[in-house]
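Chemist: Structure incoming, see below.
Read-outs throughout are calculated quantities, based only on the coordinates presented, and are distinct from any laboratory measurement. These numbers were taken from a predicted model, which means no experiment stands behind them. In this analysis, Cβ positions are derived from the backbone assuming ideal geometry, glycine residues included, and neighbour counts consider all displayed protein chains.
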Amino acid sequence: MKRSERLINMTNYLLAHPHELISLSLFVEKYNSAKSSISEDLTLVKKTFLEQGIGEIKTISGVTGGLKFIPKISDELGKKMVDSLCEEMSEEDRLLPGGYVYLSDLLGQPKLLREVGQIIASKYADKKVDYVMTVATKGVPIAQAVSYLLNVPFVIVRRDSKITEGATVSINYASGSSHRIEKMELSKRSLKEDSRVLIVDDFMKGGGTIHGMESLISEFKSTVAGICVFAEARFNGEREIVSPYDSLLFVQDVDTKTKNIKVVPGNIYKKEADEI
């Protein structure tokens, strides 16, 4: 195999195996090349990944060491992506009854989902995450995009019982927007004890759903590794008490007559979660 072919093949392998410990000997045997040649190739790939904002390649020393590709975009690129999302979210007629924002068309775009996944995965790339959690149904594509880049499973919390889920753990929670008591549940097989769970969701208004997922995680004797939402809004200034969270977008202003909304960047690139 020519070096150019080897570099392309190696790059493709790394992109397809994020956050996975890869032994250097794997590449040595795979390409039937000297260890020194593989090391030179990896140095070139590492340099290119950093320059292009694709991510970083970390070297792990020791007997069981190797290397890991960590997908990570720069804050500068992430901010540009968020600005672009703000423009798309500020389009007319997105405001729905009850103060919700129509997101289905955006969250159905592969390019947008990839960018959202990159932003969130970059934020939590250096934090230990065992699972990504969301609630059915609109948060599912976001959770899937993030879990792929973090290379961890994602679990879906449901509001209704499914016989295919088997035995479940359920909790009651107060909806922050409707002020009603609702139920959510998760299969007992979904989470292992002592896991660290990253909560993601599409839209946060009252915070009740997020608070419910926090309670559900505690029922599995696990901890919350972080909370990140695609968009948030506080039309009535009401918010359940939730842990510190990150948001990509913030619905700042609403004109109910024209149904126009003003969307600005959220707090994901700010030092403190309450700076908005």
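Chemist: Which Cα, out of THR209, ILE120, GLY78, lies furthest along the positive dipole direction of region 75-265 (beta carbon charges, K/R +1, D/E -1)?
Modeler: THR209
Chemist: Which lysines, on any chain, are close to LYS30 with Cα under 18 Å apart, when same-chain ones fewer than 8 places away are left out?
Modeler: By straight Cα distance, LYS30 reaches LYS2, LYS68.
Chemist: Now, a different point. Could you calculate the contour length gain from GLU193 to ASP93, that is, 0.36 nm times the residue separation minus the distance between their Cα atoms, to one decimal place in nm? Show your work: numbers first, answer last.
Modeler: On the way: separation 100, 0.36 × 100 = 36.00 nm, distance 4.39 nm.
Contour length minus Cα-Cα distance gives 31.6 nm.
Chemist: Can I ask one more? Label THR223 and ARG114 with points 7 Å out from Cα along Cα→Cβ: what is the distance between them in nm?
Modeler: Calculated label separation equals 3.5 nm.
Chemist: Taking the C-alpha atoms of region 75-265, how large are the radius of gyration and the largest Cα-Cα span, Dmax, in Å?
Modeler: Every Cα atom of region 75-265 included, Rg and Dmax give 16.3, 49 Å.
Chemist: With N set to the number of residues, divide the alpha-carbon radius of gyration of region 1-141 by 2.2 N^0.38 Å and report two decimals.
Modeler: Details: Rg = 19.3 Å, N = 141, 2.2 N^0.38 = 14.4 Å.
That ratio works out to 1.34.
Chemist: A follow-up question, please. Using the charge dipole of the chain (Lys, Arg: +1 at Cβ; Asp, Glu: -1 at Cβ; taken about the Cα centre), state which of ASN12, LEU191, VAL132 has its Cα farthest towards the positive end.
Modeler: The Cα lying farthest towards the positive end belongs to ASN12.
Chemist: How big is Rg to Rh over region 39-86, alpha-carbon atoms, Rh as the Kirkwood inverse-mean-distance radius?
Modeler: 1.15
Chemist: Counting pairs of alpha carbon atoms under 8 Å apart in space and at least six apart in sequence, what relative contact order in percent does region 31-158 give? Before the final figure, lay out the partial values.
Modeler: On the way: 124 pairs, mean separation 22.7, N = 128.
Averaging sequence separation for qualifying contacts and normalising by length gives 18 percent for region 31-158.
Chemist: Restricting attention to region 92-154, which trypsin sites (Lys or Arg not before Pro) occupy a DSSP loop and are surrounded by at most 14 other Cβ atoms within 10 Å? Walk me through the intermediate numbers first.
Modeler: Details: sites: ARG94, LYS111, ARG114, LYS123, LYS127, LYS128, LYS138; in loops: ARG94, LYS127, LYS128, LYS138.
The qualifying sites are LYS127, LYS128.
Chemist: Explain nothing, just compute: Karplus ³J(HN,Hα) = 6.51 cos²θ - 1.76 cosθ + 1.60, θ = phi - 60°, for every residue of region 110-127 in order, whole Hz, x for Gly and Pro.
Modeler: With coefficients 6.51, -1.76 and 1.60, one gets x, 5, 5, 5, 5, 5, 4, x, 5, 5, 5, 4, 5, 4, 10, 5, 9, 10 Hz.
Chemist: At 222 nm, what value in deg cm²/dmol follows for the chain if DSSP H runs of at least 4 each add -39500 (n - 2.57) and the sum is divided by all its residues, to the nearest 500? All intermediate terms of the calculation are to be shown ahead of the outcome.
Modeler: Numbers: 7 runs with 92 residues, N = 276.
Mean residue ellipticity, 222 nm, calculated: -10500 deg cm²/dmol.
Chemist: If you place +1 on the Cβ of every Lys and Arg, -1 on the Cβ of every Asp and Glu, and leave all else neutral, what size is the dipole of the chain about its Cα centre, to the nearest 20 Debye? Don't skip to the end; give the middle numbers.
Modeler: Details: 37 positive and 38 negative charges, 163 e Å.
Rounded to the nearest 20 debye, it is 780 debye.
Chemist: Right, another one. Count neighbours as other Cβ atoms within 10 Å of each site's Cβ, and list the trypsin sites (Lys or Arg not before Pro) in region 183-218 that are DSSP loop with at most 16 such neighbours.
Modeler: Passing sites in region 183-218 are LYS188, ARG189, LYS192.
Chemist: Report, to the nearest 10°, how far helix 3-16 tilts away from the longest principal axis of the Cα atoms in the chain, using its own Cα long axis and a range of 0 to 90°.
Modeler: Long axis of 3-16 versus the principal axis of the chain: about 30 degrees.
Chemist: Toward the positive end of the charge dipole of the chain, about the Cα centre and with charges on Cβ (Lys, Arg +1; Asp, Glu -1), which of ILE57, SER218, SER25 goes farthest?
Modeler: SER25
Chemist: Regarding region 3-71, what are the three Cα extents along the principal axes, ordered largest first, in Å?
Modeler: The principal-axis extents, from largest down, are 29, 29, 18 Å.
Chemist: Straight-line reach only, C-alpha to C-alpha below 16 angstrom: list the lysines that LYS162 could link to, leaving out same-chain residues fewer than 8 apart.
Modeler: Correct list for LYS162: LYS183, LYS188.
Chemist: Counting only C-alpha contacts under 8 Å and six or more residues apart, can you give the relative contact order of region 75-265 as a whole percent? Can you show the working numbers first?
Modeler: On the way: 366 pairs, mean separation 41.1, N = 191.
For region 75-265, the relative contact order is 22 percent.
Chemist: Give me log10 I(q)/I(0) at q = 0.10 Å⁻¹ for region 87-174, Debye formula, one equal scatterer per alpha-carbon, no solvent.
Modeler: Taking Cα atoms of region 87-174 as identical point scatterers yields -0.34.
Chemist: Taking the Cα centre of region 3-71 as origin, sum charge times position over the Cβ atoms of Lys and Arg (+1) and Asp and Glu (-1), and report the length of that vector in debye to the nearest 20.
Modeler: On the way: 8 positive and 7 negative charges, 16 e Å.
The calculation lands at about 80 debye.
Chemist: A further question follows. Fewest Cβ neighbours within 10 Å first, please rank MET1, MET213, MET133, MET89 accordingly. Intermediate results must be reported in sequence, preceding the final value.
Modeler: Values: MET1 12, MET213 26, MET133 29, MET89 22.
Final ranking by Cβ density, sparse to dense: MET1, MET89, MET213, MET133.
Chemist: Would you mind finding the longest exposed-site-free stretch of the chain, with exposed GluC sites (Glu not before Pro) meaning DSSP loop and at most 13 other Cβ atoms within 10 Å? It would help to have the intermediate numbers written out before the result.
Modeler: On the way: sites that count: GLU20, GLU91, GLU92, GLU193, GLU238, GLU272, GLU275.
Longest stretch, sites excluded: 93-192.
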